[in-house]
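The values are calculated or read from the model by the stated rules, or taken from the named source; none is laboratory data. Source: prediction; values computed, not measured. FYI the Cβ positions are ideal-geometry reconstructions off the backbone, even for glycines, and counts take in every protein chain you see.
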Amino acid sequence: MKISREIKTAILVILGIVLLIFGFNYLKGKNLLNASRTFYTTYENVEGLAISTPITISGLKVGKVQDITFTNDNSGNLLVELMVDSDYKFSKNSKAQLYEAGLIGGKAIAIIPAFDDAEIAKEGDFLEGSVKAGLSELVNQRLTPLQVKIEKMMVSADSLLTNLNDVFDAQTKSNLKNSIAGLNETINAFKTTSSSLNDLINSNEEKIDSTLTNFNAISLNLSKVTDSIANANLGQTIKDLQSTINNFDKILASVQSGDGSLGKLLKDEGLYNNLEGATKQLEELLQDMKLNPKRYVHFSLFGKKPKQYDADGNEIKEKN
């Protein structure tokens with residue numbers, strides 16, 4: 001059978017159209033020869049995510065991002081079309097997690113499969129979108145409070161430096177220099193004194209050794225004395241001393257109450273009056289002996305009788 005030129009031309013045109021459609025879809029990331037599935041998810045922000053970004057399940061690439069557009073609900077959220085080439089089955093409750101592929105690698109999407117009793121995800125289903133904090137976000141979360149603290153510290157340091165500048169005026173700096181100069185002189189004087197003290201110690205080293213030896217001997221003797229005291233029967237001595245003090249207290253109490261000769265001597269007013277009277281008479285007797293010694297001492301070579309006196313001191317004349 002002979003094929004006409006028109007049929008050949010039609011076949012070529014049809015093949016060209018098919019190749020054009022296949023190539024266009026291939027360039028868009030769709031492979032018409034593979035049984036791919038399309039899913040959708042939404043995010044508030046997809047910064048770093050681009051079309052043809054890989055989609056992974058447990059780290060294995062299973063597809064790529066097909067398209068990114070705004071949703072039709074005027075919420076400002078972004079609709080991401082996911083094309084999954086693998087026939088791996090997972091639940092509708094699975095999540096599409098947006099994460100950082102690296103420090104400079106942009107964003108990628110990982111499907112976190114759920115294996116529950118829910119319905120298996122199929123073509124055109126929506127997966128719940130989630131965002132995993134990346135390294136840069138974690139660093140920003142850590143650095144932001146640190147930045148605030150550093151700013152506060154810088155403000156405090158600036159205030160401190162300002163106050164220091166106010167304190168260290170010209171007069172204060174001059175006083176500080178003078179103080180440092182005086183401290184230097186004091187240190188030099190201390191060095192001189194230390195040198196003199198070293199010379200004194202070196203020149204009297206033998207005397208110092210002798211003094212220390214004597215002190216050691218004294219400490220040994222003192223140790224022996226303390227040992228002797230420790231070995232003495234201090235308890236019995238203290239007991240005897242306490243007994244003596246108690247007896248002395250009894251004697252004082254007896255004297256205070258007027259018992260005994262000493263107590264009567266201290267407490268009996270009659271005895272006191274008698275002693276006072278006797279003392280007065282003795283004083284008068286001594287006074288009279290001083291004024292009239294002839295009344296008490298008589299001396300005669302010729303046997304003359306002594307004169308006699310009455311109680312009032314008058315001479316008694318003999319009657320013839």
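Taking first residues from region 33-59 that are at positive phi and partners that are modelled with pLDDT under 85, the Cβ contacts under 7 Å between residues at least 6 apart in sequence or on separate chains come to Gly48/Gly106; Ser52/Gly29. Suppose we keep only residues that are at pLDDT 90 or above and surrounded by 18 or more Cβ atoms within 10 Å (Cβ to Cβ) within region 38-54. Which one would you say is nearest to Gly106 (Cα to Cα)? In this case the residue turns out to be Tyr43.
Under the condition of being surrounded by 14 or more Cβ atoms within 10 Å (Cβ to Cβ) and more than 60 Å from the chain's Cα centre (by Cα), which residue from region 66-80 is nearest to Phe115 (Cα to Cα)? So the residue we want is Gln66.
Among all positions in region 14-28, there is no residue which is of a type in the set (Gly, Ala, Ser), under 60 Å from the mean Cα position of the chain (by Cα) and either modelled with pLDDT of 80 or more or within 15 Å of Met83 (Cβ to Cβ) (or both).
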